[in-house]
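A short worksheet on the structure shown next.
The values are calculated or read from the model by the stated rules, or taken from the named source; none is laboratory data. The shown structure was predicted, so the numbers you read here are calculated from the model rather than taken from an experiment. Counting neighbours? That spans all protein chains shown, and the Cβs are built from the backbone with ideal geometry, glycine included. Quick note on the areas: whole protein, heavy atoms, side chains included, nothing else; ligands and nucleic acids left out. Shrake-Rupley method; radii C 1.70, N 1.55, O 1.52, S 1.80 Å.
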Amino acid sequence: MATYNVTIHWHGIRQMRTGWADGPEFITQCPIRPGGSYTYRFTIQDQEGTLWWHAHSSWLRATVYGALIIYPKEGTSYPFPKPKRQTPILLGEWWDANPIDVVREATRTGGAPNVSDAFTINGQPGDFYKCSSNETVIIPIDSSETNLLRVINAAMNQELFFTIANHKLTVVGADASYLKPFSTNVIMLGPGQTTDVLITGDQSPARYHIAARAYQSAQGAPFDNTTTTAILEYKTAPCPAKGSVSVRPVSANLPRFNDTQTATTFTTTLRSPKTVPVPTEIDENLFITAGLGLNNCPVGAQASSCQAPNGTRFTASMNNVSFSFPSKISILQAFYNGVPGVYTTDFPPTPLLKFDYTGNVSRSLWQPISGTKVYKLKYGSRVQIVIQGTSIFTAENHPIHMHGYDFYIVAQGFGNFNPKTDTSKFNLVDPPMRNTASLPVGGWTVIRFVADNPGAWIMHCHLDAHISWGLAMVFIVENGVGESQTLEPPPEDLPVC
Ligand code: C2O
């Protein structure tokens, strides 16, 4: 770590009034320099379940990440029978190269970053790669016991399907919010998302593959098509004799990489366990497009720096603004201290130009503007955001993550959002609460939340390739009235730039 600037983000922790501890580089803090230190101080309030932490500068989170598990408060328990064992399952992504070099190379050439060489489960790629196969992760289970698996997609650039051979997964939570339990063979997680599942040892004592591989929605784009595995092992399974065929794990069936139907069935089945207080009156009704773009090669630039299709450079944007990170001071510090010239407050609440977002978009609309634009929200405002995917360059599923908040996902669909007909699909009774929404490929999703946490909060695509290209924006939520609605002062050890 010592050679890189770094910050740590506590993904999904609300950070009520403690935005200084949120972590995204140049949004809420300047980076911690090599040899420097910063103590993240925050209180976890009313949250329970599976979250995680990861570096939030450049592509360091490729290796700097871990699980963050919040157990039920003392004296309380889970809304389901207490699992016998619980195991975090961190799905990671691996390059046979320094990931910082991978992103630097992509930034230099303007092309897409190299795809990864492997996915991992708790750090190990598993049986299907040339390396590590005798160190494949083993998850124990006993006949008839019920265990909790806390699955976390910590991959950089890939949505993943996850399954276990012959075992049903009972989904009970996602992003540290409980769900109405349901049973499925396969789950899908975008980077940033977590899913808690119960499994029961109801199969014959043996070894079973736990497996994950890509859900890849962008057509024709290269991706890492490898499969990572771990082994679910019954304690009473026959002892494995080295190399004997009989102990080969039972193999797992994963959907095809482009099985959008399975991905969608999963995300649209999630429900909160009971009726939840979704805001019904809306003060801020935003419509934000999200997607890729191509910048024309800058005048005088070498062809080697314009390696995206047709001699362009890849970019990405929200409402046609490609987010550009400040480099001298964080947005939160600039806001708190009234430092001018760091950001502007003109992020458009709706697209300045309306077009057929998921249709055949004219090439003249493929090039966004670049800027550090924020959108201001009054404390307590009730916010609805229609996030609309675009088909610019290619349509793709984007995991859209919001810092500082959980939100209700009231609806999602394909094509262009239609305010006349699609509002009838809103679930205002028991929608799931999450911190990362899977924006369907060539589709839209609608989220709602109450802006009750003052600070500067980035909302971005959790595919790191896309955040590098600018698929992000920032909300500044103003203070309310009194101390309990006011951002705390910055800690004394907040890193200086
Ligand atoms: Cu898990 Cu801004 O990230």
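Tabulated data
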{"quantity": "Restricting segment 172-279 to trypsin sites (Lys or Arg not before Pro) in coil, as DSSP defines it, with at most 13 other Cβ within 10 Å", "calculated": "LYS235, LYS242, ARG256, LYS274"}
{"quantity": "In segment 98-164, the chymotrypsin sites (Phe, Trp or Tyr not before Pro) that fall in loop regions by DSSP, at most 16 other Cβ within 10 Å", "calculated": "PHE128"}
{"quantity": "Cα centroid of segment 439-454 to Cα centroid of segment 390-411, whole Å", "calculated": "7"}
{"quantity": "Kirkwood Rh in Å, taken over segment 359-446 so that all alpha-carbon pairs contribute", "calculated": "14.7"}
{"quantity": "Overall Cα dimensions of segment 284-485 - principal axes, largest extent first, Å", "calculated": "56, 44, 26"}
{"quantity": "Inter-site label distance for ARG108 and GLU145 at 7 Å from Cα along Cβ, in nm", "calculated": "5.1"}
{"quantity": "The chain: Cys lacking any partner C-beta under 4.7 angstrom", "calculated": "CYS131, CYS239, CYS461"}
{"quantity": "Cα-based Rg / Dmax (Å) for the chain", "calculated": "22.3, 69"}
{"quantity": "Whole-percent carbon and sulfur share, accessible surface of segment 284-485, 1.4 Å", "calculated": "53"}
{"quantity": "Dipole magnitude of the chain, debye to nearest 20 (Cβ charges: Lys/Arg +1, Asp/Glu -1, about Cα centre)", "calculated": "500"}
{"quantity": "Antiparallel DSSP beta bridges within the chain, percent to nearest 5", "calculated": "75"}
{"quantity": "Value of relative contact order over the chain, rounded to a whole percent, pairs C-alpha under 8 Å and six or more apart", "calculated": "17"}
{"quantity": "Segments 383-395, 421-433 sorted - mean Cβ within 10 Å per residue, highest first", "calculated": "383-395, 421-433"}
{"quantity": "Rounded accessible area per residue of segment 197-317, 1.4 Å, Å²", "calculated": "50"}
{"quantity": "1.4 Å probe accessible area per residue over segment 364-497, in Å²", "calculated": "32"}
{"quantity": "Modelled FRET efficiency - R0 35 Å, PHE257 with GLU492, Cβ distances, 0.05 increments", "calculated": "0.10"}
{"quantity": "With Cα atoms, 0 to 90° folded angle of helix 260-269 axis to the chain main axis", "calculated": "90"}
{"quantity": "Å² of accessible area per residue within segment 1-125, as computed with a 1.4 Å probe and no ligands counted", "calculated": "44"}
{"quantity": "DSSP loop GluC sites (Glu not before Pro) with at most 10 other Cβ within 10 Å: longest gap in the chain", "calculated": "282-491"}
